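Structure record follows, encoded as structure tokens.
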Amino acid sequence: LILLIRETRHPPTAASALPQLHGQCYDNSGDAELRVTAMLELGSPLEMIQLLQTPWEERFKICLSLVKLLFYLAHSPLGSIALLDFQPRQFVMVDGNLKVTDMDDASTEELSCKEDKDCTLDFPTKSFPLKCSVAGKCEGINEKKNLFNAYRYFFTYLLPHSAPPALRPLLSDILNATGDLRYGINETLRAFEKVLHLYKSGQSLECTWSVSPDSLFLSPDYVSLKGFRTVEGEGHKCWPSYSHLGCLLSIHSAEEAAAICNSQLHCHSFIVTQHRTWTGRPLASFQSSWTDLVPDTNAVVYIKRSASSGERL
Ligand SMILES: *[C@@H]1O[C@H](CO)[C@@H](O)[C@H](O)[C@H]1NC(C)=O
Ligand SMILES: *[C@@H]1O[C@H](CO)[C@@H](O)[C@H](O)[C@H]1NC(C)=O
């Protein structure tokens, strides 16, 4: 791993997936044996169960960083590298990005072969026959091994679950194509980037709004109060919220937030906060009851008309 990190100035795509090397020590005092210790950046170990409770956008980010890592490994200066141990415990999270901790179990050699039948890629549930190249190597075996492992350990668990409905067909294409190894890593990265683009641009929404996201929100269902925000506190809970305390969801526009608030029985009002997720989408905070308003020149509170009737408005 040290070799790989040092050999390469990471291109931007891979920089997020390899851990940062803070230092390394050579200890050759006494023994003839040379010991090398690497000091790597620390992260928290990957917990699948916990990940399943995070918003889809965060799970997509993990899969995307894995795909970027595999793209980098497939075209690394040391050749195409296979990760031999693909258990989630081999990975850590640093700022919501996936990084690999231990590459002692990595192989840069592509399997040698005499004929095609020496090149079967075997998994417990599936086998893939590969070609033996004229150079006597199983072509692309490392890249394919990584990709199928990414499919079986990560994509199947993290991608489909509570994905935006309009992205589901694309995501199931990705699952199908990686599960059958129809895609190589290049096509997989391209497909992920397409999903990201659609998601960021709001084209993943089921309806397209006639109003631009930045325009003043005018809906007969909502009263908007400019120059105020609600006090953030314990609000009603929703899933999968970005905050344990209340209902904080990533949205594309105030219109989408209104649609979400309409779909929640107890939603009374919402504000679009200044916080943004990694894709640049703002977070909206939804409230179920009347909370105090505080002046905030940059903020707007949207209150459901049906909720406000009979109350202070
Ligand atoms: C991909 O789709 C084909 C056709 O629907 C199906 O037969 C195959 O089992 C699917 N493969 C995976 C890995 O889902
Ligand atoms: C995949 O992308 C890399 C880097 O852009 C390129 O060098 C390689 O030829 C591509 N491979 C295929 C099979 O398209």
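The values are calculated or read from the model by the stated rules, or taken from the named source; none is laboratory data. Note that the structure is predicted; figures quoted are calculated from it, not measured. Note: ideal-geometry Cβ built from the backbone for every residue, glycine included; neighbour counts use all protein chains shown. Just so you know, the surface numbers come from the protein's heavy atoms only, side chains and all, with ligands and any DNA or RNA stripped out. Shrake-Rupley method; radii C 1.70, N 1.55, O 1.52, S 1.80 Å.
So the values come out like this:
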read-out	value
Tally, over segment 91-112, of residues that are within 28 Å of GLU57 (Cβ to Cβ) and free of Cβ contacts under 8 Å to residues at least 40 places away in the same chain	1
Tally, over segment 153-177, of residues that are closer than 19 Å to GLN90 by Cβ and either modelled with pLDDT of 95 or more or within 14 Å of the chain's Cα centre (by Cα) (or both)	5
All strands (runs of 3 or more DSSP E) inside segment 71-161 with 2 or more residues being more than 17 Å from PRO45 (Cβ to Cβ)	120-122, 127-129
Breaking point among (1) touching a strand residue (DSSP E or B) at 6+ places or on another chain (Cβ under 7 Å); (2) open to solvent by less than 70 Å² (accessible area, probe 1.4 Å); (3) of a type in the set (Gly, Ala, Ser), for SER80	(1)
Subset of segment 164-202 [touching a residue at least 24 places away in the same chain (Cβ under 8 Å), in a loop (DSSP other than H, G, I, E, B) and within 16 Å of ligand 1 (Cβ to nearest atom)]	LEU181, TYR183, GLY184
Tally, over segment 229-256, of residues that are assigned to a strand (DSSP E or B) and at pLDDT below 85	2
Qualifying residue in segment 192-199 (condition: of a type outside the set (Asp, Glu) and over 15 Å from LEU64 (Cβ atoms))	no
Test set (1) free of Cβ contacts under 8 Å to residues at least 60 places away in the same chain; (2) β-branched (Val, Ile, Thr); (3) open to solvent by less than 30 Å² (accessible area, probe 1.4 Å) - ILE260 fails condition number	(3)
Residue that is least open to solvent (accessible area, probe 1.4 Å), among those in segment 103-120 that are under 26 Å from LEU66 (Cα atoms) and in contact with a helix residue (DSSP H, G or I) (Cβ under 6 Å, 6 or more places away or on another chain)	GLU110
Residues of segment 127-171 satisfying the condition of being polar (S, T, N, Q), surrounded by fewer than 14 Cβ atoms within 10 Å (Cβ to Cβ) and under 30 Å from ILE251 (Cα atoms)	SER162
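Here is a yes/no grid of residues against (1) at pLDDT below 80; (2) of a type in the set (A, V, I, L, M):
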| position | (1), (2) |
| --- | --- |
| LEU181 | no, yes |
| ASN186 | no, no |
| CYS207 | yes, no |
| LEU216 | yes, yes |
| CYS261 | no, no |
